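I have placed the structure first, in the form of structure tokens, so that the comments after it can refer back to it.
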Amino acid sequence: VVNIWTYDPDGELRLTIMATLAQDESRKTSLRVKAGQRASMEKGVYFQNGSVMGYDFDKTTRKLTINEEQADTVRLIFDLYNSGLGVRKIQWELEKAGRKTATGKTLWSCAVISRILKNKLYCGYLVWYKQCVPDFLEQKKIYNHGQKEQFEVLGDHTPIVTLEEWEQVQARMESRKS
């Protein structure tokens, strides 16, 4: 603890210097954390919160294991989309069948279904930097639209769908856009 009297002529200068040093230390800590995360990412280590439909996350081993009940729902979503159903009709089918979301609810949203269909995790890959924090001081997470390079690695988790099924869904989504 440093006692700085702001009434002194040099008190404000001392306070400014200490604030600058603290900010620089925060920047260095941010760089170290990002470097550690990048090393983990390159090794294929999953370190998100683990709330992914179809998988259970073991915090001690940091591994994803298939939750068979949820994985069946994920497979159904992919199958229904590849058979020609749209996201809204898939929502109705899931609700009619009483399928549960990752949080245990029976009401589905189109956004959740769309995120499942776009997530490459389901075919065995981990994609990093879908979102990024451009400013270490503000710590506001934004969607990455080219601010930072995304990269993907083959994860060590068991895929729920094949890469071919996932790519087929992506092609169908792209064709529906146009």
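Numerical summary
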quantity	calculated
Hey, Ser30 under 23 Å from the mean Cα position of the chain (by Cα) and open to solvent by 80 Å² or more (accessible area, probe 1.4 Å) or not	no
Any hit, segment 42-55, residues being among the aliphatic types (A, V, I, L, M) and over 27 Å from Ala171 (Cα atoms)	yes
Residues of segment 161-171 classified as of a type outside the set (A, V, I, L, M, F, W, C), more than 21 Å from the chain's Cα centre (by Cα) and exposed (fewer than 15 other Cβ atoms within 10 Å of the Cβ), total	1
Complete set of residues in segment 142-165 that are touching a residue at least 12 places away in the same chain (Cβ under 8 Å), more than 17 Å from Tyr55 (Cα to Cα) and acidic (Asp, Glu)	Glu149, Glu152, Glu165
Strands (runs of 3 or more DSSP E) contained in segment 48-160 and holding at least 3 residues surrounded by fewer than 18 Cβ atoms within 10 Å (Cβ to Cβ)	63-66, 151-154
Neighbours by Cβ (under 8 Å, 6+ apart or cross-chain): first from segment 20-31, closer than 15 Å to Asp135 by Cβ and without any contact (Cβ under 8 Å) to a residue 40 or more places away in the chain; second in a helix (DSSP H, G or I) and open to solvent by 60 Å² or more (accessible area, probe 1.4 Å)	none
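The values are calculated or read from the model by the stated rules, or taken from the named source; none is laboratory data. Keep in mind that this is a model prediction, so the values were computed, not measured. Here Cβ is always computed from backbone atoms with ideal geometry, including for glycine, and neighbour counts include all displayed protein chains. All accessible areas refer to the heavy atoms of the entire protein, side chains included, with ligands and DNA or RNA removed. Shrake-Rupley method; radii C 1.70, N 1.55, O 1.52, S 1.80 Å.
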